[in-house]
1. Can you tell me which residue among 98, 132 is closer than 14 Å to residue 32 by Cα and without any contact (Cβ under 8 Å) to a residue 40 or more places away in the chain?
2. Could you grab the pairs with beta carbons closer than 9 Å, sequence gap of 6+ or different chains, first residue in region 59-85 and farther than 19 Å from residue 370 by Cβ and without any contact (Cβ under 8 Å) to a residue 12 or more places away in the chain, second one crowded, with 24+ Cβ neighbours inside 10 Å and of a type in the set (A, V, I, L, M, F, W, C)?
3. Report yes if residue 183 is out of contact with any Ser or Thr (no Cβ under 8 Å at 6 or more places or on another chain) and crowded, with 16+ Cβ neighbours inside 10 Å, otherwise no.
4. Please determine whether any residue of region 338-349 is of a type in the set (A, V, I, L, M), crowded, with 22+ Cβ neighbours inside 10 Å and within 28 Å of residue 90 (Cα to Cα).
5. Evaluate region 377-385: report whether one residue or more is charged (D, E, K, R), part of a helix (DSSP H, G or I) and surrounded by fewer than 24 Cβ atoms within 10 Å (Cβ to Cβ).
6. Scanning region 24-60 for residues that are crowded, with 18+ Cβ neighbours inside 10 Å and closer than 25 Å to residue 207 by Cβ, which turns out modelled with the lowest pLDDT?
7. With the requirement that a residue be within 30 Å of residue 38 (Cα to Cα) and of a type in the set (A, V, I, L, M, F, W, C), what does region 190-231 give you?
8. Cβ-Cβ distance below 6 Å, separation of 6 or more or different chains: which pairs start in region 278-296 with a residue that is touching a residue at least 24 places away in the same chain (Cβ under 8 Å) and end on one that is surrounded by 20 or more Cβ atoms within 10 Å (Cβ to Cβ) and of a type in the set (Gly, Ala, Ser)?
Amino acid sequence: MGSERTSAATADVAVEASETREDWKNTILAGLANYIDAGSIVAGSAALALWASAYGLSTTFIGLLGAFSANAISAGVGALIGGRLCDRFGRKRIYQYDMLFYAFGMLWLVFATAPWMIVVGFVLVGLAVGADIPASWSLIAEQAPKGKRGKHSGVAQVLWYLGPVVVMVMFFVLAPLGLLGARIVFAHLAILALVLTLLRSRMKESERWTQAQEEAKRAKLAGEASATVSPWRELMQPKNLKAMAFLIGMYGMWNLWAGTNGFFFPYILSTVGNQTQAVSVAVQALNFGLGIVSIIFIFMKFADRVNQRLLFAISALMQVVAMALLAIFPLTLPVALLHVVLGGIAVGFGAQSFFQLWSSELFPTRIRSTAQGVTFAVVRFGLGIWSFFVPMLTATGFHTLAWILTGFLMVSGLIGTIWAPRNEGKSLEEIEAERDGATRTA
C-alpha cells in the first residue's frame, strides 16, 4: 500500500486547498444519507402504532419489523454488500443509484395495504440505507480539505439529527389524518431520494479512490506482490482487525443504548406527569436540537484541532451521568429534563460522530468502504439481536433497564477513551503512513 500513498499525493494536494462552496455542496449531498437513514427509522417507529391498529399486528410481528428495519439487520446487510461494491466500482456509482433503490422501497410503505408489503418496504429501505452509509462517509472523508475532516463529517451528523426532527414534526401536524399522514411522511422521503439521485449525478468521483484504482492496475502490470493481495485478505491484517474491533466495541456498545433509547424514551415522557403528545414531541425535538447545536459548536469546531480522545471522554462521561440519573432517582420531570439536556449535548460530540470520522480514517482507500460496511453491519446485527430481548427486559422494571443501558455507555466510553486514535489535523495519507510504521516497528 506504500505505492498507493505515494500516488495519492496529488489527491492530497488537491484537498489541502481552502474550503469552497463545491466542497460544502458535495458534503451535504453525501451527508443527506444520514437524514434519510434517521428519518426512515423514526418514521417507521412512529407508523408502527398506526399499522398495528389498522392491520392487527401482533407484538411478535412488530418485534420482527424492528429487528429487520433500517435501524438494524437489513441496514447491516446493505452496508456489508454496499461497502464492498463501493470500493470495487466507486463511491459515486453506489451512492447515486442506491437512492433509486431506496425510493422503490419507500413506495412500498407509502402504498402498503397489507402486513407483507410493510415487511418488503422495511427490508428494501434498510438495504438501501445501509449501502449508502459507507459510500457517503468515505466520500466525505476523501474529499474534505486537510484538517477539516471532522468539520465536514459533522455536517452529515447534523443531517442525521435533523431527519428525526422533521419527521416528528410532520407526524404531529399530520396526526389527524391517521395512516394517510404516515403515507405522506414516507412519500416526502421517497421524493427526497429521487431528487438526491438527480443532484448526485453531477458530483465527481473521489480522486483518492480513482488514483488508488490506477495505482493498483500499475502494480498488477508490474507484478508487484501487493497487487495479488485480495481486499478481504488485506482487511484481515492485524492492524485492520484491531481497528475494526475498536470501532465495533466502542460504537456497538453505544448503539445498543441508542437503539433502545427510542424504545423507552416515549415511556419517560408519558410517565412523567402524563405528558401530552405536544409536550412529548417538544421534548424529543429538544433532545435532537441540543444534539445539532452540540455538533455544530463543539464537534465541528474542535474535532480537527484538539485532543480527540479527551473530547470523546468528556462526552462519554456526560452520557453515563445522564443515563445514571434515570437509574438512581425517581422519574420526575426535573430529572427527565436534566437527562435530556446532559445527554442531548453529550451525544453531539460523542460516539456517533467519532464513529463516522474514525471509521473513515483507520483504513486505506482500497478497503475503506469495505471496512466501514463490515463494522457497520456487525453493529446493526448486534442491535437487531438485542432488539428481541428489549421487551422482556422492560418487563423487569424501568430502572433495571436503565442500569443495563448505563453499563453499555460505560463500556463504550472506556473503550473509546483508552484506545481512541489521535488523528486531529492529519491527512489520510499521514495517518496511513503512521499506522504502517507502527506495524513494522511492532
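The values are calculated or read from the model by the stated rules, or taken from the named source; none is laboratory data. Values in this document were obtained by computation on a predicted structure and should not be read as measured data. Virtual Cβ from ideal backbone geometry, glycine too; neighbours counted across all protein chains shown.
1. Working: 132 fails: without any contact (Cβ under 8 Å) to a residue 40 or more places away in the chain.
Testing whether each residue is closer than 14 Å to residue 32 by Cα and without any contact (Cβ under 8 Å) to a residue 40 or more places away in the chain leaves just 98.
2. Once the first residue is farther than 19 Å from residue 370 by Cβ and without any contact (Cβ under 8 Å) to a residue 12 or more places away in the chain and sits in region 59-85, no partner that is crowded, with 24+ Cβ neighbours inside 10 Å and of a type in the set (A, V, I, L, M, F, W, C) comes close enough.
3. Yes: the conditions hold for residue 183.
4. Scanning region 338-349 turns up no residue that is of a type in the set (A, V, I, L, M), crowded, with 22+ Cβ neighbours inside 10 Å and within 28 Å of residue 90 (Cα to Cα).
5. No, region 377-385 has no match at all.
6. Top of the filtered list is 33.
7. 190, 191, 192, 193, 194, 195, 196, 198, 199, 203, 209
8. Once the first residue is touching a residue at least 24 places away in the same chain (Cβ under 8 Å) and sits in region 278-296, its partners that are surrounded by 20 or more Cβ atoms within 10 Å (Cβ to Cβ) and of a type in the set (Gly, Ala, Ser) give 287/344; 290/344; 291/344; 291/348; 294/348; 295/154; 295/348.
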